[in-house]
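Reviewing the structure listed below.
The values are calculated or read from the model by the stated rules, or taken from the named source; none is laboratory data. Note that the coordinates shown come from a computational prediction; the quantities given were computed from them, not determined experimentally. So basically every Cβ, Gly included, is an ideal-geometry build from the backbone, and we count neighbours across all protein chains shown.
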Amino acid sequence: MNILIMGTGYVGVTTALVFAELGWNVTGLDTDSRKIQTLSEGKLTFYEPGLEDLLIKHLKTGNIHFTSSPEKAIQENHIIFLCVGTPSDADGNADLQFIHEVAKSIGKHMDGYKLIAVKSTVPIGTNGKLVRWIREAQSLPHPFDVVSNPEFLREGSALQDALNPDRIIIGSDSTHAVDIIKNLYNPLQSPFFVTTPKTAEMIKYASNAFLATKISYMNELSRLCETIEVNISDVAVGMGMDDRIGPKFLKAGIGFGGSCFPKDIKALLHTAKDYGSELSILDKVIQVNQTQSSHFLNKWEHKLGSFSDKKVAILGISFKPNTDDLREAPSIAIIQELLQKQAFIRVHDPIAKLPTGLLSDRLQQFDTLEKTLHRCDAVILCSEWEEYRSADWTQMRTYMNQYFVFDGRNILDGVQLTKLGYHYHGIANQ
Ligand code: UDX
């Protein structure tokens, strides 16, 4: 089967490679010709474990190729997956300009039946708009179906997630379209859930918002646990043993970030407002998330005395490990607050880089832990890269001036670090 993927970001490239791996003939289309050139040379434009090897493999098998010419690509493929971005606009609503553009392009160039599957996260009701936009752009009334097929992969484990989805959601009113989509995914042997397009769109938002709610719940609870000296990680273990709760997404920390949770919750809140409905729990989820890092930063400052003119090492700036993505990363909020507190900040990340425009004599990035920790008074761990968990902390101590370790992800062995002479503080993990 021939599949066209429109949009070659995280979701688009991963989806394209999974279909190529399943043996389908895949074309990746993007308006950014530099991106297309890079992908055609077997290189990714972002960091994601395992993906580049698969890209090189399928450029060789011929199962995948890339183009920036929509006309031929749309005409040669019956099945089209939309994987373009839907960033937040100034009001927090999902900006549908890229969806609108691809709809116009499909309508203009199609010359026969097309099945259009929407992977991008889009506000409830967008599939209906898409049908209208495609019709408006058509010169002849060629038939087409639109299917909502939301994607649930996570950055850092995108390939594994996309190859082993917990479920495949198909929102469609057309049994013909549902059969085609099922056939495409059949080799993955994951369960299907077929529903209406609007319900499928809502499932995506509701899932992300619920996962974020679990995290904010634990983060707010961690503030109380810190005060009454209860270990939040142990609370999470005990809670997670209940099948009804489950152990995942209960890790307290300095807050969630990334390209999805903050954006999707804002978009869902926007939808609720548009329909005169309230989602007050989600208002609170955002509020807890926005204040979590400064809540703990203030506590840690108290331990140190003051951050003013102190040298502080930030370990891990990406919003989570195994990605170079800085979007909505809690580390950035911490860095901004430390700058206001007049600290000197020395940053390290195994992959992610701070934009050079942000760097100054007070904010520098280094490529080794030795250089980063040189004469530092405190370390703040912001994302849980394995490199930091398994670092030689005996050696690290020799680089430092004072020995404060503030663990924003509760991944280090506090007992061991204390034995080594550090002043260790995490998130309610006493
Ligand atoms: C998320 C959803 O998990 C995925 O299904 C959807 O397709 C896209 O959005 P992603 O943003 O890539 O994926 O990463 P995820 O692993 O969900 O982590 C999001 C944020 O939550 C990270 O900042 C992470 O550090 C934080 N987090 C996660 C916690 O603070 N505690 C947890 O227990 C889990």
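Please state which one of K266, K273 is among the charged types (D, E, K, R), in a helix (DSSP H, G or I) and under 19 Å from the mean Cα position of the chain (by Cα).
K266
Read through the list (1) away from the ligand (no atom under 16 Å from the Cβ); (2) at negative phi; (3) touching a Ser or Thr at 6+ places or on another chain (Cβ under 8 Å); (4) assigned to a loop (DSSP other than H, G, I, E, B), then give the number of the only condition that Q342 fails.
(2)
Can you tell me which residue is farthest from the ligand (Cβ to nearest atom) among those in the stretch 236-294 that are under 21 Å from D89 (Cβ atoms) and among the β-branched types (V, I, T)?
Checking each candidate, the answer is T271.
Could you check how many residues of the stretch 70-98 are modelled with pLDDT of 95 or more and polar (S, T, N, Q)?
Of the residues in that region, 3 qualify.
Give the residue, chosen from T271, T213, T227, T323, that is farther than 30 Å from Q364 by Cβ and either crowded, with 21+ Cβ neighbours inside 10 Å or in contact with a Pro (Cβ under 8 Å, 6 or more places away or on another chain) (or both).
T271
In this structure, does S318 turn out to be buried (at least 22 other Cβ atoms within 10 Å of the Cβ) and of a type in the set (S, T, Y)?
Considered against the rule, which asks whether it is buried (at least 22 other Cβ atoms within 10 Å of the Cβ) and of a type in the set (S, T, Y), S318 comes out as yes.
If only one of T372, T398, T418 is part of a helix (DSSP H, G or I) and touching a residue at least 40 places away in the same chain (Cβ under 8 Å), which one is it?
Checking each option against the conditions leaves just T372.
So is S120 small (G, A, S) and within 16 Å of the ligand (Cβ to nearest atom) or not?
yes
Looking at A343, A352, which is the one that is more than 26 Å from the chain's Cα centre (by Cα) and either assigned by TED's automatic domain parsing to the domain that holds V312 or at pLDDT 95 or above (or both)? Spell out how you get there, then give the answer.
Numbers: A352 fails: more than 26 Å from the chain's Cα centre (by Cα).
When all the criteria are applied, what remains is A343.
Run A162 past the list (1) in contact with a Ser or Thr (Cβ under 9 Å, 6 or more places away or on another chain); (2) part of a loop (DSSP other than H, G, I, E, B); (3) at pLDDT 95 or above; (4) not basic (K, R) and report the number of the one that doesn't hold.
Checking A162 against (1) in contact with a Ser or Thr (Cβ under 9 Å, 6 or more places away or on another chain); (2) part of a loop (DSSP other than H, G, I, E, B); (3) at pLDDT 95 or above; (4) not basic (K, R), the one that fails is (2).
Quick check on the stretch 20-27. Is at least one of its residues assigned to a helix (DSSP H, G or I), touching a Cys at 6+ places or on another chain (Cβ under 8 Å) and touching a residue at least 40 places away in the same chain (Cβ under 8 Å)? Break it down stepwise before answering.
To start, the set of residues in the stretch 20-27 that are assigned to a helix (DSSP H, G or I) comprises 20-21.
Add one more test, that the residue is touching a Cys at 6+ places or on another chain (Cβ under 8 Å), and what stays is none.
Looking through the stretch 20-27, none of the residues is assigned to a helix (DSSP H, G or I), touching a Cys at 6+ places or on another chain (Cβ under 8 Å) and touching a residue at least 40 places away in the same chain (Cβ under 8 Å).
Of all residues in the stretch 325-339, which are within 21 Å of F249 (Cα to Cα) and either part of a loop (DSSP other than H, G, I, E, B) or away from the ligand (no atom under 13 Å from the Cβ) (or both)?
As a first pass, look at the stretch 325-339 and keep what is within 21 Å of F249 (Cα to Cα): 325-331.
If the condition is that a residue be within 21 Å of F249 (Cα to Cα) and either part of a loop (DSSP other than H, G, I, E, B) or away from the ligand (no atom under 13 Å from the Cβ) (or both), then D325, L326, R327, E328, A329 are the ones that fit.
Given the criteria more than 8 Å from the ligand (Cβ to nearest atom), of a type in the set (K, R), outside the structural domain of Y10 (by TED's automatic domain parsing) and outside any helix (DSSP H, G or I), does R223 qualify? Step through it out loud before you land on a result.
Working: more than 8 Å from the ligand (Cβ to nearest atom): yes; of a type in the set (K, R): yes; outside the structural domain of Y10 (by TED's automatic domain parsing): yes; outside any helix (DSSP H, G or I): no.
Considered against the rule, which asks whether it is more than 8 Å from the ligand (Cβ to nearest atom), of a type in the set (K, R), outside the structural domain of Y10 (by TED's automatic domain parsing) and outside any helix (DSSP H, G or I), R223 comes out as no.
List pairs: first residue in the stretch 254-267 and β-branched (V, I, T), second residue outside any helix (DSSP H, G or I) anywhere in the structure, Cβ distance under 8 angstrom, at least six positions apart or on different chains.
Hits for this filter: I254/C382; I254/G408; I254/R409; I254/I427.
Filter the stretch 192-220 for residues that are away from the ligand (no atom under 16 Å from the Cβ) and without any contact (Cβ under 8 Å) to a residue 40 or more places away in the chain; which is nearest to V131 (Cα to Cα)?
Out of the qualifying residues, it is T196.
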